[in-house]
Amino acid sequence: MQFGAKGEDMITGLHHYALRVPDLAVADSFLQDFGLQTAERSGSLVARCPGRGQDQVLLIEGGPAKRLHYVSFTVHPGSLDAIRESLARDGAGVIDPPAGAAEDGLWTRDPDGTPVQLLDTEPAKPRPVAEGLFNVGAGRQRIGVAQWRAAAEDVLPRRLGHTLLFTPQPGRLTDFYTTVLGLRVSDRIHGGAVTFLNAGPGDHHVFGFIASTHPGFHHASFEVPSIDAIALGAQRMRGRGRDAGWGLGRHTIGSNFFHYNPDPWGSWIEWFSDIDQIDDCWVAGDHDVPPHLWGGPPPETFLANREPHRE
Ligand SMILES: [Fe+2]
C-alpha cells in the first residue's frame, strides 16, 4: 500500500483535540458562551457541537498554564495495521494514552512530542442544517422569503473543522503528517510560515502548522451554518463580556469567513463558514499573502505563542 495515494489516505479527519488547562470552570463557561455543549466526564470536561454525537474538545485540569495535551484523528476504515507499520518504518513508536485520554485506537507521538490518537471510526454526522438560499451575483434562489426572520435560527457550531499548531519545525512535522499519516499539503504561506493540510476531498484544511519558537496550540475552528451565524456568535460573545476578538473577515487561504475569539489561555477559537472544498486534483501553492482578504487587521497578539516551553 502506498500512503498518500488517491483514495488511500489514512487520516480521514480531525476527531477532537485536548488541552490541559488550569481551571475547568473557566473553560466550561467560555466554551458554553462559544456555543458548545459541555459535560463532566471522569474529572475532565468534554465539549460537543449541538446535534453531533462526537467529542470535539477534551479539557483536563492541571498545571499553571494551558498546554496542548493531544490531537485525535479518524482514519480510513481498517487502516490501523498499515498505520502501525508506517509508524514503525518512520521510527515513531506506539505509546500509551496520555493522562485522562481514552485507550481507543492507536497512540503515537509526532516529532514535536505531541501525542496523536488515531481512531478507526467513522466521523459522526454534523448537525443537519438548512440549505442556504442566496440572492447574490446573478443568482436569485430565495423568492418570497424574509431572510432576517430565519437568519438567527441556527447559529451554533455544527462540527469541529480544523486546528492549527505552533511548531519550531514545520518541515519535519509536515513530512510526518503527510508521508507517515497520509495527510496532504493544501497550501503554504511564505514558504512554510503557515502550512495547511487536508485529508483528501473536502475542507481545504483540517490541520496545519504555524512556525514558532516552540510547540503549542494556536486555534481550533468550528463550522457554523452561515455568515450570519458567525456575526451573531460574535455579538453573543461580546454581550457576555468576552473580548471582541478578530473578525468578521474572509480568509485568503481556505477562503472561509471567520471570526476568532481569544480563549482564556492566550490561544484562539474560530467560527468559520464557506470554506473552500478541494478535490483530488488540488495543487498546493506557496502564497505571499496576508491571512485575510478583507476585514480588520489581526490583533498584534494573534501569532503569540504563550504556551510554556516543553521540558
Ligand atoms: Fe482556522
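The values are calculated or read from the model by the stated rules, or taken from the named source; none is laboratory data. Keep in mind that what you see is a predicted model, and the values were worked out from it rather than measured. With ideal geometry, Cβ positions are generated from the backbone for all residues, glycine too; neighbour counts draw on all protein chains shown. Quick note on the areas: whole protein, heavy atoms, side chains included, nothing else; ligands and nucleic acids left out. Shrake-Rupley method; radii C 1.70, N 1.55, O 1.52, S 1.80 Å.
Remarks
- Within the range 153-177, the residues that satisfy the criterion of being open to solvent by 30 Å² or more (accessible area, probe 1.4 Å) and under 25 Å from A124 (Cα atoms) are E153, D154, L156, R158, R159.
- Listed conditions (1) within 16 Å of the chain's Cα centre (by Cα); (2) within 16 Å of the ligand (Cβ to nearest atom) are all met by R184, apart from (2).
- Near pairs, Cβ below 8 angstrom, 6+ apart or cross-chain, from the range 275-290 (under 11 Å from R188 (Cα atoms)) to any residue that is at pLDDT 95 or above and part of a loop (DSSP other than H, G, I, E, B): H287/T252; H287/I253; V289/T252; V289/I253
- Pick from the range 45-59, criterion out of contact with any helix residue (DSSP H, G or I) (no Cβ under 8 Å at 6 or more places or on another chain) and without any contact (Cβ under 8 Å) to a residue 60 or more places away in the chain, ranking: most open to solvent (accessible area, probe 1.4 Å): R48
This table checks each residue for (1) more than 10 Å from the ligand (Cβ to nearest atom); (2) modelled with pLDDT of 95 or more; (3) in contact with a strand residue (DSSP E or B) (Cβ under 7 Å, 6 or more places away or on another chain).
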site: F196; (1), (2), (3): no, yes, yes
site: A199; (1), (2), (3): yes, yes, yes
site: V206; (1), (2), (3): yes, yes, yes
site: S212; (1), (2), (3): yes, yes, yes
site: S221; (1), (2), (3): no, yes, yes
site: V224; (1), (2), (3): yes, yes, yes
site: I230; (1), (2), (3): yes, yes, yes
site: R236; (1), (2), (3): yes, yes, no
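- Any hit, the range 139-162, residues being within 16 Å of the ligand (Cβ to nearest atom) and of a type in the set (D, E, K, R): yes
- Here G254 meets the list (1) within 11 Å of the ligand (Cβ to nearest atom); (2) assigned to a strand (DSSP E or B) almost entirely, failing just condition (2).
- Tally, over the range 281-302, of residues that are assigned to a loop (DSSP other than H, G, I, E, B) and within 20 Å of G161 (Cβ to Cβ): 6
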